[in-house]
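None of the figures in this text is laboratory data; all of them are computed from the coordinates on show. All of these numbers come straight from a predicted model, not from anything done at the bench. Here the Cβ is made from the backbone with ideal geometry for all residues, glycine too, and neighbour counts use every protein chain on show.
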There are 4 protein chains.
Amino acid sequence: MRGNIIGERFIVLSFGESHGRCVGAVVDGCPAGLSLREEDIQRELDLRKPSSSLISTERREEDVVEILSGVFEGYTTGTPICMLAWNKNVRSEDYAELRYMPRPGHADYYAHVKYGGFNDYRGGGRFSGRITAGFVMAGAIAKKLLRKVLGIRIIGYSLEIGGIRAEDFTLEDAEMNRYGNDVRAPTPEAAERMRERIAEARERGDSVGGIVECVAVNVPIGLGEPVFDALDADLAKAMISIPGARGVEFGAGFAASRMTGSQHNDPLIIRDGRVVSEKNDAGGVVGGISTGMPIIVRIAFKPPSSIAMEQRTVDLRDLREAGLRVRGRHDPCIVPRAVVVVEAMMAIVLADHAIRAGLMPPVLGRED
Amino acid sequence: MRGNIIGERFIVLSFGESHGRCVGAVVDGCPAGLSLREEDIQRELDLRKPSSSLISTERREEDVVEILSGVFEGYTTGTPICMLAWNKNVRSEDYAELRYMPRPGHADYYAHVKYGGFNDYRGGGRFSGRITAGFVMAGAIAKKLLRKVLGIRIIGYSLEIGGIRAEDFTLEDAEMNRYGNDVRAPTPEAAERMRERIAEARERGDSVGGIVECVAVNVPIGLGEPVFDALDADLAKAMISIPGARGVEFGAGFAASRMTGSQHNDPLIIRDGRVVSEKNDAGGVVGGISTGMPIIVRIAFKPPSSIAMEQRTVDLRDLREAGLRVRGRHDPCIVPRAVVVVEAMMAIVLADHAIRAGLMPPVLGRED
Amino acid sequence: MRGNIIGERFIVLSFGESHGRCVGAVVDGCPAGLSLREEDIQRELDLRKPSSSLISTERREEDVVEILSGVFEGYTTGTPICMLAWNKNVRSEDYAELRYMPRPGHADYYAHVKYGGFNDYRGGGRFSGRITAGFVMAGAIAKKLLRKVLGIRIIGYSLEIGGIRAEDFTLEDAEMNRYGNDVRAPTPEAAERMRERIAEARERGDSVGGIVECVAVNVPIGLGEPVFDALDADLAKAMISIPGARGVEFGAGFAASRMTGSQHNDPLIIRDGRVVSEKNDAGGVVGGISTGMPIIVRIAFKPPSSIAMEQRTVDLRDLREAGLRVRGRHDPCIVPRAVVVVEAMMAIVLADHAIRAGLMPPVLGRED
Amino acid sequence: MRGNIIGERFIVLSFGESHGRCVGAVVDGCPAGLSLREEDIQRELDLRKPSSSLISTERREEDVVEILSGVFEGYTTGTPICMLAWNKNVRSEDYAELRYMPRPGHADYYAHVKYGGFNDYRGGGRFSGRITAGFVMAGAIAKKLLRKVLGIRIIGYSLEIGGIRAEDFTLEDAEMNRYGNDVRAPTPEAAERMRERIAEARERGDSVGGIVECVAVNVPIGLGEPVFDALDADLAKAMISIPGARGVEFGAGFAASRMTGSQHNDPLIIRDGRVVSEKNDAGGVVGGISTGMPIIVRIAFKPPSSIAMEQRTVDLRDLREAGLRVRGRHDPCIVPRAVVVVEAMMAIVLADHAIRAGLMPPVLGRED
């Protein structure tokens, strides 16, 4: 593969650029018989929209999804589903300067070298967070498939933003609150403090990072194909491929490295006649296989690289050092918008592995 | 794929079980013309041996590698290289009880469910850390290839064990010291304290986890195929597929999520006429592409699950809760032995991406 | 993979249905820096148009290609190239009857079973020859790439139609004549007789098959990755995936099975200081590797299944046998239109293997 | 992939060389719970043995298979199955001359160029028919799996050798007779004449080719993943990757290209309440999907290249033309031994597609 395809059975190909004609995705491998309409996808896509109250930008990304293939009379046909959103409101002129003035922290310079200067530099091109709109389109299908066939629900939220960590909440709290506030926090209190933290950074012309936590419940035992296509390994790959992700951990994660075996091991017990683990420090994956417990993953996002403060870079025209203020419309924190992207990637990997494990029929029953 | 293959161009297939006839690997895609002898692989394999001073076990894993194919007159031929080590000194009787008494924290129960009870449960079978011997064999070839063609060096070490973190050391210190002490610490001081920490856990019949840090230097700009086969995404997958890994991070990693953009962005500067970044909080990968700076990855390992202390589990014969003391020979800390495995996975991913990026010729020049 | 992707490094994903919104393809893996405009693709697509003089149909497939991504300022960027042609002039009502009356020789019934009745049956949906428009789009890029970087030319033509076989012609004749007549014959004489044969079948409400021969010249030694990704093996797969193909052979092909070794073996000789073979019964591929001689492949196409004559089928509504006359607009012979499709598949496979063999740089030099 | 792996879900990796330590294969993706012993594989491997009455060679290939992994207590575990046969009775000195004297019709010269002279030239190395022993090992597993789970039987035989074509026989005749004669003919009469034809060629120091026909019965409707992973496309690839194969066709095959649509289309009828086709010119695959009718494939094999008669080649040491008589032990016709190889490849592809189509459970029920 050349790099823009993920998955073995539920396959997603990403295409499009930030300032080209469109961004989109093709899904190959979705079972036939899933009821699917553009609204199903649009709903998820809308969750990725920037919040006007949070960010300095006026770019309104009114992404409207169109399904071009693979759906007939309201149901998936088992053939490739091509989806896209046309790019609108593109102000490429903001980026003219950046052709030769790579932004620190961005891929600009490295893409320039790798692609011999042929890369579409406008808005970062393929390296823009904008391409995650395609991830969300594919994820919307995966989510619906998982919910309908296996009853799996995926709940992501901003666990931490700019050092402000949400605390004292249950998964139910998170599920109820996260899409009710524009920072996707699991509690209103955290939302308030995170919003302030972002505003503060924005005013200084700076940006902040954070951590998304994502939980999948009702995942059956047995997803994951060790040793290399372990469920957590494939989730790690999917998460780290989201622009801005710098780390990923499962269950107790890095904290597990400071625990003893007697602390960390999840005892096996019988509950309601079934074998379950008493706690879930493993985060729902042991030996690369899902355990039936909730899958818990956390992804660290760096602060956005595009900031208004002056930064030091290099002018490639004459190879001299130079100062740069990134203009244009930028998010001071991508974590809130990344939540639905993380959920999408989780859904894509779980759908892929559910098919691989033989838990997803190639044709679904027709809905009434 | 069913799961035991990693890589697109430098492909590794893992086979073998802990208590079966052998453990091994096949490499498909190694360029022709690499000088390769069994000693090249044995040397790496020896670094994975348990240290008798550290662990309670007397199992002596005298892994002796044999190359079965793909090498002719001392050079790789460009065809599949099958390698294995025969299993010796196997005491399967230690595991008879475990057939129906899954060990907490291990994959025993989940593998039993997934594979319908057909899995080779002895010593964890495919879920044993023992299969990483095959990873190290493949990694030895990748390492040699990277060093010879691109001058890439890979330096892994135990950054932290049982909460003891090595501090105040340079990469040169680490390179010099790590294989001179049996905990693979980057400094003698850390080695001493880590060794004590492990001994203390072992005496209590417990185990400890830790963090491996691994650095690759001399990696050229341009490795990585975004958006999904980003270099960091593929490294994350490879690392998380190592048994016991619970988290992975790059450069500043999770700490980046608490930084501001102005702190985290690596300024671009000119040094010796080349564009480089002044610092390396990105850990050598930006936008999924290598930057030419050292690649820095950290992997969190949980404490080993097999501990002598009594734990609660379930007897599958009559589905009742039961106590279990894991007998047999087990490492109280796998971090020291994981170092060379992490290096191997780093090498495998870098070799794969070097070929994908067109930086590795299909045939090497014959050595004098 | 689920089936709609071909290639390892030059990857083509096919999407779209006969009577859906569009047909198209995405190419992932095209090197950066190839000069590419929609005209380059349109030219090839026009060669796939039905000839009004040959066929009974009035369906005018005015396919107009649009490039949606992966090209910037007239050059490929190294990122996925999504291309499509919107479907126009769709008369789906011709097909309403066919929902429950599968056409003999078509995939109608088998697709109905496989996809649980969710398949888009209109015009055969994904099983229509129409999807080969997407193959031609991808092939146009591959052809340009091969020509520009390696000087490879691909020449396909109708070797035989309805039993009329073109004879006494050179490759130069074929190259000059094939696109100058609407049956794509290598000589005007053959063209005349083939055209008559098609007309005769059409008048009877019947159809005829034929054989496409395709030759690639200037292919360097060494393409092909045995044992399974042998060049001829991958060509065979690509060719047989073209709708209507029933057989494929290389060089002397089936006739080789009746030759002796002393007749068939191509002697090696020196010409102009280079090792070449005196004749080319091997068809340019030996042991799965290109030999530097012209690659010669022949593909047998069955007669189109949609014919006006009454045929026997089954009415799926009440599972009784029934008579069927296929209405709508159909080609009495697909061979002439298949020529450019065969060329496209040849180009796709050669481009893929040229990259795999390290003969294609990831970035091309900028053209003047 | 680099080329030595075939299959998506039932994956086969081939390794080993003609005169190296062993030949073998690894199967990844075999469901757990298949009863499997070395005898199951040995039986198939024995069918590949050269017949002493047919050939001039005294090389006795006493291939004895060993299973190294993936089987526990007599059942597959769902993990990689590594199998090999050690090479014995290797007379490499017969090949010393061939290092610089490439045999016409063989891959010797092209492999020399592609792999920069690092290839193991002895006996053709990876290009020897000997590597098909590994194909047969993997095929034996696939065959058993198909028979047990789906009741699929695979029947291959020598349809034609040296121009002698078996006629007037039924599939039952073929199934009964093929392994009862050493040329694998479907009738004793054909066997007699084919044997004579081979003897005649051998005496002249020459060789002959032929055609293998292979039929799979009881294949359910729906195998195949169009458009590119069409069942016939994947079969074509698998067949052409067998050393010596020069063409492949399905059902009426090349003859279909001379039929009209009204002749070729298979009418759909009702038989025993099921929709079937009245005849089977399609050879059991339409639109890339299995039809439930027998799958019929024919593969043309060229005459072996290694012949005792003098041939013209090039001495690579001084780049001058030279005469060559190939010494050593060679088959004057590989068709009889290719039969079980063709069956193996058919089985591998069908097993792969049965899993892909969701028709093969990941765990089989335990046998009594």
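Tabulated data for the structure shown
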read-out	value
Relative contact order computed over the range C:211-368 (Cα-Cα under 8 Å; 6+ residues apart), in percent	31 percent
Convex hull of the range B:5-356 built on C-alpha atoms - directionally averaged projected area, nm²	18.8 nm²
Semi-axis lengths, Å, the protein assembly as shown, gyration tensor of Cα atoms, sqrt of 5 times eigenvalues	49, 38, 32
Overall Cα dimensions of the range B:149-295 - principal axes, largest extent first, Å	54, 37, 32
Sorted by Cβ density within 10 Å, fewest first, the residues D:LEU45, A:LEU350, B:LEU359	B:LEU359, D:LEU45, A:LEU350
D:ARG271-D:GLU200 pseudo-label distance in nm [points 7 Å out on the Cα-to-Cβ vector]	3.8 nm
Relative packing of peptides C:143-149, D:240-246 - highest average C-beta neighbours within 10 Å first	D:240-246, C:143-149
Cβ neighbours within 10 Å from other chains - mean over D:279-292	5
When the convex hull of its Cα atoms is projected in every direction, mean area for the range D:72-121 (nm²)	6.3 nm²
At least 30 Å along the helix axis (C-alpha) and Kyte average at least 0.5, DSSP helices within chain A	A:335-356
Average other protein chain Cβ within 10 Å of Cβ, residues A:344-356	1
Whole-Å semi-axes of the ellipsoid equivalent to the range D:70-226 (Cα gyration tensor, √5λ, descending)	32, 27, 15
Column: log10 I(q)/I(0), Debye, Cα scatterers of the range A:178-240, q = 0.13 Å⁻¹	-0.58
The range C:5-356: relative contact order as a whole-number percent, Cα under 8 Å and 6+ apart	22 percent
Spatially proximal aspartates and glutamates relative to C:LYS88 (Cα-Cα < 15 Å; intrachain offsets below 8 disregarded)	C:GLU17, C:GLU58, C:GLU61, C:GLU62, C:ASP63, C:GLU66
R0 of 51 Å, Cβ-Cβ distance B:ARG327-B:ASP40: FRET efficiency to nearest 0.05	0.90
Selection from B:ILE221, B:GLY253, B:ALA85 lying farthest towards where the dipole of chain B points positive, charges on Cβ	B:ALA85
Rg ratio (alpha-carbon, reference 2.2 N^0.38 Å) - the range C:219-358	1.41
Peptides ranked, highest mean first, by Cβ atoms within 10 Å: ranges B:265-272, B:313-320	B:265-272, B:313-320
For the protein assembly as shown, size of Cβ-based charge dipole, Lys and Arg +1, Asp and Glu -1, in debye	0 debye
Cα point-scatterer Debye curve for the range D:283-368, base-10 log of I(q)/I(0) at q = 0.14, 0.19, 0.23, 0.24 Å⁻¹	-0.75, -0.99, -1.19, -1.22
Charge dipole (debye, nearest 20) of chain A; +1 at Cβ of Lys and Arg, -1 at Cβ of Asp and Glu	760 debye
Exercise: per-residue mean of other protein chain Cβ atoms within 10 Å, D:305-317	4
Dipole of the range A:5-356, positive direction: furthest Cα of A:MET346, A:PRO303, A:ILE154, with charges on the beta-carbon	A:PRO303
Mean ellipticity per residue at 222 nm, deg cm²/dmol - from DSSP H runs of n ≥ 4 across chain C, formula -39500 (n - 2.57)	-8000 deg cm²/dmol
